[in-house]
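For reference, the structure is listed below as structure tokens.
The values are calculated or read from the model by the stated rules, or taken from the named source; none is laboratory data. What you see is a predicted model, and the numbers here were worked out from it, not measured in a lab. Note that each Cβ is placed from the backbone with ideal geometry, even for glycine, and that neighbours are counted across all protein chains shown. Calculation scope for accessible area: heavy atoms of the full protein, side chains included, ligands and nucleic acids excluded. Shrake-Rupley method; radii C 1.70, N 1.55, O 1.52, S 1.80 Å.
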Amino acid sequence: MTRGKLAVTGLTKRFGAHVAVDGVDLEVDAGSFVALLGPSGCGKTTLLRCIAGLATADAGSIRIDGRDMSELPPWRRSLGMVFQSYALFPHMTVAANVGFGLKMRGEVDGGRVGRMLELVRMSDFGTRRPAQLSGGQQQRVALARALVTEPPVLLLDEPLSALDAKLRLAMRTELRELQRRLGITTLFVTHDQDEAMAMADRVAVMDQGRIVQIADPVTLYRKPASPFVAEFVGRINRLDNIIPGIASRIAMVRPELVQLSAAGAPSDGARSDHSDAAAGLAIDGEVIDLVFVGDRIEIHVRAGDLRILSTRQSSGEPPPAIGTRVRATWRRDDLLVY
Amino acid sequence: MIRRLYMTLAGAFLLAPLIVVGVVAFTSASFVSFPPPGYSLRWLTRVLADPSFMRPLANSILLGLAAACAAAILAVPAALALARRQMRHAAEIESFLLSPLSLPALILSIALLFYLSRLGLGSGFAGLFVGHTVVVLPYMLRTVLAVARGVDPALEEAAHTLGADPWRSFIHVTLPTLRPGIVAGALFAFLVSFDEVAVALLMSSVGSMTLPVAILNHVAHNYDPAIAAISLIKIVLVIAVLLALELFFGLDRLMLSRARR
């Protein structure tokens, strides 16, 4: 399906003096899955609501397949939306909920409703009421309801945040598979960076009303455009003031790229420890905590005023015991410098 | 055990007057006495054939329905506006709309009489209608507002994204979710109006008399079992309304948003 290209240009939304969305440009290719990721208050939900038409932007345009939607009220934009609370109509059955969009168009079609329910694996629940469903089931009905009119774009406002951890993980895959199958352009708002990285083709990281970086998950993780992105996506070590020559800039390194060896011993036999430390590629400290997270082990090291985090596979070499003096090292190429 | 006893006594205490009235309605005597010397249908037949009772009965029913409808039409938009919390002075407006509850009925009726007379509605059905709507509106508003406050605002937004413009989302989504509040409110409104004396007393004219006023008038001049008969009819009517609602809709389903049939 090639329809469903979303183009947002210069979108701005103010609430009084507060600028919630600040001149945002966003292009989402037809059929792709983009996540809007950011902390609370960054404007991601406001941006989504502007695209849906539930909030009126102060400036900018919203185009779907070239057609300008900015002047249209939400009931004429034909988009599909899933809300955080699912917002299922409590007085209607599941089937009536799913068929609502069709009914509003005057297209009553039990067959389409049935097929949609099958797609989300809720066929047996057609006559039930929302109050009789579990969270995961409600979520699937909300999805079916949004998709039944075959909209060009699907908007999701933190749809998984009300679910428990295991169900969230299961729904992640289910949602992504469904999206791929239907090939529908999808915009997904979340504050959970694991979720964004796991599901999206591209992730747009937002901060204070702006998109600070938009890239595929790998690029986002390996080449964050700013300290904010580096800290928001994944875990990171800040190496302030220990790297000569760049003391006035910010230097960071990912925990899985921090090697630990016995204090005083070089990590790489060919170099002397002295030059490593002098070059800002090593620091000595003491292991103060070990955290076992199933497949990973986190080793927390205190080095002077700094806290360094090193992570490794739990199936690999066992970690040094708490209290051990260690040397944390990393390679120059792995440094993120701003 | 003690609890059961207490409940039985309390129930008996509450129902006793109604039972006495019901029994006396069937008396064969020409005077009120309990227990009656004999039983007969004469008082019931007399009352049912008497336009000076039947006309007021019809008026009361009509008035109750009209006041409940008017209160619903006014209370639903008010409740929606108040529940959305976007208005300044929402608390003050709410207090104002609920204020008839805090006023002594007689004070309210005197004020209404003066005001409506000025408007030319001093007596007659129109004046009664306005007066009763004012009296029952708080009952309706209270229940509808309680339900409106519990409604997820995202419901209406979801309806919008599914293609429903504001009017259609109101009809298909908002109104149905408010239904429990509206029905409970309408029931209260009807019953309050049906029983209302102060406003009706001051504003009834011969043609627009309500049942409570007619009964009062009768009692003032003759204390006979006709009173018991008409009261029984009134009680039966109210019970019939409640039963009908229970059978057709299920009172629990109508008044509680979560109950299921």
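Taking the Cα centre as origin and putting +1 on Lys and Arg beta-carbons and -1 on Asp and Glu beta-carbons, what dipole magnitude results for the protein assembly as shown, to the nearest 20 debye?
1240
Eigenvalues of the Cα gyration tensor times 5, then square-rooted: what semi-axes does that give for segment B:76-117, in whole angstrom, largest first? Provide the component values of the computation, followed by the final result.
Values: eigenvalues 145, 22, 14 Å².
The answer is 27, 11, 8 Å, longest axis first.
For segment A:279-327, what relative contact order do you get, as a whole percent, if you take Cα pairs closer than 8 Å and at least 6 residues apart?
Computed value for segment A:279-327: 42 percent relative contact order.
For q values of 0.16 Å⁻¹, compute log₁₀ I(q)/I(0) with the Debye formula on a Cα-only model of chain B, without solvent.
Calculated log10 I(q)/I(0) at the listed q: -1.24.
How far apart, in nanometres, would the label points at A:SER226 and B:ASN222 be if each is projected 7 angstrom from Cα along the Cα-to-Cβ direction?
Those two pseudo-labels are separated by 9.2 nm.
What is the magnitude of the charge dipole of segment A:31-164 about its Cα centre, with +1 placed on the Cβ of each Lys and Arg, -1 on the Cβ of each Asp and Glu, and no other charges, expressed in debye to the nearest 20?
So the dipole magnitude of segment A:31-164 works out to roughly 240 debye.
Compute the FRET efficiency between A:ILE322 and A:LEU169 as 1/(1 + (r/R0)^6), taking r as their Cβ-Cβ distance and R0 = 25 Å, and round to the nearest 0.05.
Result of the calculation: an efficiency of 0.20.
Suppose R0 equals 22 Å. What FRET efficiency, 1/(1 + (r/R0)^6) with r the Cβ-Cβ distance, do B:LEU175 and B:ARG85 give to the nearest 0.05? Could you put the intermediate results ahead of the total?
Details: r = 20 Å, r/R0 = 0.90.
The pair B:LEU175/B:ARG85 has a calculated efficiency of 0.65.
Identify the trypsin sites (Lys or Arg not before Pro) of segment A:179-234 meeting these criteria: DSSP loop state and at most 13 other C-beta atoms within 10 Å of the C-beta.
The qualifying sites: there are none.
Suppose R0 equals 60 Å; then what is the FRET efficiency for A:LEU290 and B:ILE73 from their Cβ-Cβ distance, rounded to the nearest 0.05?
Here the calculated transfer efficiency is 0.30.
Give, as a single signed number, the net charge of other residues whose beta carbon lies under 15 Å from the beta carbon of B:ARG142, with Lys and Arg counted +1 and Asp and Glu -1.
0
What are the ³J(HN,Hα) values, in whole Hz, obtained from phi via the Karplus relation 6.51 cos²θ - 1.76 cosθ + 1.60 with θ = phi - 60°, for each residue of segment A:298-307 in sequence order, with x given for Gly and Pro?
9, 10, 9, 10, 9, 10, x, 8, 8, 10
Am I reading the B/A interface right? What is its buried accessible area, both sides, 1.4 Å probe, to the nearest 100 Å²? Before the final figure, lay out the partial values.
Working: alone 15220 and 16250 Å², together 29580 Å².
Summed over both sides, the interface buries about 1900 Å².
Note down the relative contact order for segment A:86-154 as a percent, whole number, built from C-alpha pairs under 8 angstrom at least six residues apart.
Averaging sequence separation for qualifying contacts and normalising by length gives 46 percent for segment A:86-154.
Convert 4 °C to kelvin, take the viscosity as 1.567 mPa s, use the Kirkwood radius over C-alpha pairs of chain A as Rh, and evaluate the Stokes-Einstein diffusion coefficient in µm²/s, rounded to a whole number.
Diffusion coefficient, whole number: 57 µm²/s.
At 0.692 mPa s and 37 °C, plugging the Kirkwood radius over alpha-carbon pairs of segment B:112-261 into Stokes-Einstein gives what diffusion coefficient in µm²/s?
Using the Kirkwood radius from Cα pairs, D works out to 181 µm²/s.
Could you give me the percent of Cα pairs per 20 Å distance bin for the protein assembly as shown, shortest bin first, beginning at zero and ending with the bin that holds the maximum distance?
15, 32, 26, 17, 8, 2, 0
Looking only at segment A:307-329, which residues have a backbone nitrogen under 14 Å from a spot 7 Å from the Cα of A:ASP240 in the C-beta direction?
Hits in segment A:307-329 for A:ASP240 at 14 Å: A:307-308.
Apply the Karplus curve 6.51 cos²θ - 1.76 cosθ + 1.60, θ = phi - 60°, to the phi angles in segment B:90-104 and return the couplings in whole Hz, x for Gly and Pro.
Here the 3J(HN,Hα) series is 4, 5, 5, 5, 4, 4, 4, 5, 8, 4, x, 5, 8, 8, x Hz.
Roughly how compact is segment A:76-229, stated as its Cα Rg over 2.2 N^0.38 Å to two decimals?
Against the empirical 2.2 N^0.38 Å value, I get 1.12 for segment A:76-229.
Would you work out which of A:GLN137, A:LEU163, A:MET104 lies farthest towards the positive end of the dipole of segment A:59-216? Charges go on Cβ: Lys and Arg +1, Asp and Glu -1.
A:MET104
Quick one: net charge around A:ASP29, please, counting Lys, Arg +1 and Asp, Glu -1 for every other residue with C-beta under 11 Å from its C-beta.
0
So for segment B:55-161, taking the charge dipole from beta-carbon charges (+1 Lys/Arg, -1 Asp/Glu), which of B:LEU141, B:LEU63, B:LEU121 sits furthest toward the positive end?
The listed residue farthest towards the positive side: B:LEU121.
So, for chain B, what is the accessible surface per residue at a probe of 1.4 Å, expressed in square angstrom?
Numbers: 14250 Å² over 261 residues.
Accessible area per residue, chain B: 55 Å².
Expressed as a whole percent, how much of the Cα-Cα distance distribution for segment B:1-112 exceeds 19 Å?
Cα-Cα pairs in segment B:1-112 separated by more than 19 Å: 73 percent.
Please compute the Cα-Cα pair-distance distribution of segment A:22-90 with 5 Å bins starting at 0, giving whole percents from short to long.
Bin by bin from 0 Å, the calculated values are 3, 13, 24, 27, 20, 9, 2, 0.
For labels at B:ILE107 and A:SER61 in the simple 7 Å Cα→Cβ model, what's the distance in nm?
Between B:ILE107 and A:SER61, the label points sit 6.3 nm apart.
So for the pair A:HIS18, B:LEU14, with labels modelled 7 Å out along Cα→Cβ, what separation do we get in nm?
Distance between label points: 4.9 nm.
Do you know the Lys pair count in the protein assembly as shown for C-alpha distances under 27 Å, with sequence separation 8 or more or different chains?
Values: A:LYS5/A:LYS13; A:LYS5/A:LYS44; A:LYS5/A:LYS103; A:LYS5/A:LYS223; A:LYS13/A:LYS44; A:LYS44/A:LYS166; A:LYS44/A:LYS223.
Number of lysine pairs found: 7.
Between 0 and 90 degrees, rounded to the nearest ten: what's the tilt of helix A:165-182 against the longest Cα principal axis of chain A?
That works out to roughly 60 degrees.
With n ≥ 4 as the cut-off for DSSP H runs, can you work out [θ] at 222 nm for the protein assembly as shown, using -39500 (n - 2.57) per run divided by the number of residues, rounded to the nearest 500?
Helices in the protein assembly as shown give a 222 nm mean residue ellipticity of -14500 deg cm²/dmol.
Please give the net charge around B:MET54, taking every other residue with its beta carbon less than 13 angstrom from that of B:MET54, where Lys and Arg add +1 and Asp and Glu add -1.
My count for the surroundings of B:MET54 gives +2.
Just tell me the longest site-free run in chain A, where the sites are GluC sites (Glu not before Pro) in a DSSP loop having at most 16 other beta-carbon atoms within 10 Å.
By the stated rule (loop sites, at most 16 other Cβ atoms within 10 Å), A:108-338.
Size of the dipole of segment A:42-103 about the Cα centre, Lys and Arg at +1 and Asp and Glu at -1 on the beta carbon, nothing else charged, in debye to 20?
Here segment A:42-103 has a charge dipole of around 120 debye.
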